[in-house]
Every structure is written in C-alpha cells, then in structure tokens.
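The values are calculated or read from the model by the stated rules, or taken from the named source; none is laboratory data. None of these values were measured; they are calculated from a predicted model. As a convention, Cβ positions derive from the backbone with ideal geometry for all residues, glycine included, and neighbour counts pool all protein chains shown. Heads up: the accessible areas ignore ligands, DNA and RNA and are worked out on the full protein's heavy atoms, side chains in. Shrake-Rupley method; radii C 1.70, N 1.55, O 1.52, S 1.80 Å.
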Amino acid sequence: MKSFTSISSLLSHAALATLLVTCAAAASAMPLGQTWTATASGDNPYGDAATSTATVGSNNLSYSYVSPGYRGVPIQTYTFTTTAASTGTLALNLMWNSYANWFRAFTSLVITDFSTGYSTEIGGNTGGSNQTIATSINLTEGDQWGFVATASNFDSTGSVGGTLTFTSVPEPESLALVGIALVGLVATKRRRNKQAAI
C-alpha cells in the first residue's frame, strides 16, 4: 500500500502531467516525429529565373513555385514521403492552405500509400484560406506513404504555393502519460476523501 500511495502522490500534480506531455511532444523534430523527404518536379520553361521548392518544417510540409515576371506556372508536382512506423490506421487532423490564383488555376492534394498504390484526394485550391481536413490511412509497418500536391495556373500571377500543417496529432506516448496522470489524480482524490471521512 505504501508504494501505491507514493506513486499516486507523485502523479497527483497536474503540472507534472503537463510537463511530461510537453516534453514528449517536443521530442519530434519533424511532422509525426518521423523523417520526411520532399521533392519538387515539373516543367520549367523559365530556367534558372524560376524557383520551385518543397520544404519539411517542424509540423508542416510546404511548397512554392515562382516564375519570373508575369507568366503562368506549368504543372508542378511536390512529393512528401515518410515511412510507416507501425501497422494500423493513422488518423490525421490537418490544416491545408494553398493558392494557385486566377485563370485556369489548379491545385490537388492527395494522401497516398506508395507501397500499395492507394491514394485519395483530400484537398484542392483554397485560394489562400485555411481548410481543416480530418483523414486517415491504413498502413503496414515499413510502408512508404505521404502526400502529393500538384499545382498550376495560366495566369500572370506566376506563382503557386501551399502549406499542410499537422494539428492535434497526439503521439501514443503522450496519450499514455495523460492516462497515467489521470489515474494518479483519481487515486489521490479517493485517498483524501477516505482520510476526511475518518
């Protein structure tokens, strides 16, 4: 009984639980705590005068293409890839923001399992506004999976871009720590109620 009391009193502090969750979340340097690769491809009739980039941030994936002057953007494809760390259904909450404005503008965002060939479109051209996306994908450990964004326009704006942000994707370790902390809080409250009744 003594060990139970010491554990419950240790976990009874909500601040400790918050600290543990914060530390676990901060441990991931890239989205989902995994290593991602990003590639940009597509026609580029403007040579070195145009820039096309795909970037991996701490919690987002982004791309942009800027052509010189007032020219259209030929079809560009941006591929973001990672490896499934475990087998099961991965649920994702995402924020999508893209632009490919004006004449014949086109944007597509697809989630795909490159290993199995599964893919489904989850986003389009948001015109610079944020779009909330809740989606999931069934994966087998070791599968190569990720996102493919395609964009173009035939307008004088001469640019396209987009950012996919990972929001509220709790890691299993974080959820376990929260559960342990809640059990400790309940145990402490019961112990205090029992002592008050004596």
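Under 6 Å by Cβ, and 6 or more places apart or on different chains, what pairs join a residue from region 36-50 that is closer than 21 Å to THR79 by Cβ with one that is open to solvent by less than 70 Å² (accessible area, probe 1.4 Å) and among the aromatic types (Phe, Trp, Tyr)?
TRP36/PHE80; ALA38/PHE80; ALA40/TYR78
Return the residue satisfying two criteria in turn: it lies in region 83-97 and is open to solvent by less than 30 Å² (accessible area, probe 1.4 Å) and touching a Leu at 6+ places or on another chain (Cβ under 7 Å), and of such residues it is farthest from ASN138 (Cα to Cα).
By that ranking, first place goes to TRP96.
Here are the criteria: (1) in a loop (DSSP other than H, G, I, E, B); (2) within 19 Å of SER52 (Cβ to Cβ); (3) of a type in the set (A, V, I, L, M). Tell me which single one ALA85 does not satisfy.
Here ALA85 meets the rest and fails (2).
Cβ-Cβ under 6 Å, sequence separation 6+ or interchain: first residue in region 113-129 and surrounded by 14 or more Cβ atoms within 10 Å (Cβ to Cβ), partner of a type in the set (Phe, Trp, Tyr). Which pairs?
That search, which allows pairs on different chains as well, returns ASP113/TRP145; GLY123/TRP96.
Does region 130-146 hold any residues that are surrounded by 15 or more Cβ atoms within 10 Å (Cβ to Cβ) and either touching a helix residue (DSSP H, G or I) at 6+ places or on another chain (Cβ under 7 Å) or not in a loop (DSSP other than H, G, I, E, B) (or both), and which are they?
Residues satisfying the conditions are GLN131, ILE133, ILE137, LEU139, GLN144, TRP145, GLY146.
How about region 30-76: which of its residues are open to solvent by 40 Å² or more (accessible area, probe 1.4 Å), modelled with pLDDT of 90 or more and under 15 Å from ALA151 (Cα atoms)?
THR39, ALA40, SER41, THR53 - these are the residues of region 30-76 that are open to solvent by 40 Å² or more (accessible area, probe 1.4 Å), modelled with pLDDT of 90 or more and under 15 Å from ALA151 (Cα atoms).
Answer yes or no: is there a residue in region 180-192 that is charged (D, E, K, R), modelled with pLDDT under 65, assigned to a helix (DSSP H, G or I) and farther than 16 Å from ALA91 by Cα.
yes
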